[in-house]
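Chemist: Pasting a structure below so you can have a look.
Where a number appears in this text, it was derived from the coordinates with a stated rule and is not lab data. Remember, it's a predicted structure, so these values are computed and weren't measured experimentally. Neighbour counts are summed over all protein chains in view; Cβ atoms, including those assigned to glycine, are modelled from backbone coordinates with ideal geometry.
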Amino acid sequence: MTRLSLDLVQHVARLAALSVADDEAARIAEELASILDHMATLDALDVTDVEPTFHPLQVDVALRPDVVVASPDREVLLAAAPETESGGFAVPKVLDGDG
């Protein structure tokens, strides 16, 4: 099993702006070591005759034809809106801040 020092775990935590207690760092070090060991096992596999894949299953995407169509009339769309403002749809504010 790959051994990671508590100092290294604390250093990475500081880089990520995280506060990690020493007991938590020990647990994280073991979990990360397990992940790194698994990656080392995968790295040792011979994949020279394996073609790269982008998806585990063959997926055929049905694409629609790219056809220009007329847009609905803006005034008709805005007439159906409960409220409009400055030539667009008026919606309730959902975020605090300027604007």
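Chemist: Which condition does residue 84 not pass, out of (1) hydroxyl-bearing (Ser, Thr, Tyr); (2) in contact with a helix residue (DSSP H, G or I) (Cβ under 9 Å, 6 or more places away or on another chain); (3) surrounded by fewer than 10 Cβ atoms within 10 Å (Cβ to Cβ), if it passes all the others?
Modeler: Answer for residue 84: the failing condition is (3).
Residue by residue, here is whether (1) within 30 Å of residue 4 (Cα to Cα); (2) in contact (Cβ under 8 Å) with a residue 12 or more places away in the chain; (3) over 33 Å from the mean Cα position of the chain (by Cα) holds:
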| position | (1), (2), (3) |
| --- | --- |
| 42 | yes, no, no |
| 48 | no, no, no |
| 75 | no, no, yes |
| 82 | no, no, yes |
| 93 | no, no, no |
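Condition check ((1) under 30 Å from residue 84 (Cβ atoms); (2) loosely packed, with under 10 Cβ neighbours inside 10 Å; (3) not aromatic (Phe, Trp, Tyr)) across all residues:
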| site | (1), (2), (3) |
| --- | --- |
| 33 | no, no, yes |
| 43 | no, yes, yes |
| 46 | no, yes, yes |
| 51 | no, yes, yes |
| 55 | no, yes, yes |
| 62 | no, yes, yes |
| 71 | yes, yes, yes |
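Chemist: May I ask you to list the residues in the stretch 13-29 that are outside any loop (DSSP other than H, G, I, E, B) and either closer than 17 Å to residue 3 by Cβ or without any contact (Cβ under 8 Å) to a residue 12 or more places away in the chain (or both)?
Modeler: Going through the stretch 13-29, the residues outside any loop (DSSP other than H, G, I, E, B) turn out to be 13-15, 22-29.
14, 15, 22, 23, 24, 25, 26, 27, 28, 29, listed by residue number.
Chemist: Which ones in the stretch 2-25 are under 26 Å from the mean Cα position of the chain (by Cα) and acidic (Asp, Glu)?
Modeler: Listed by number, the list holds a single entry, 24.
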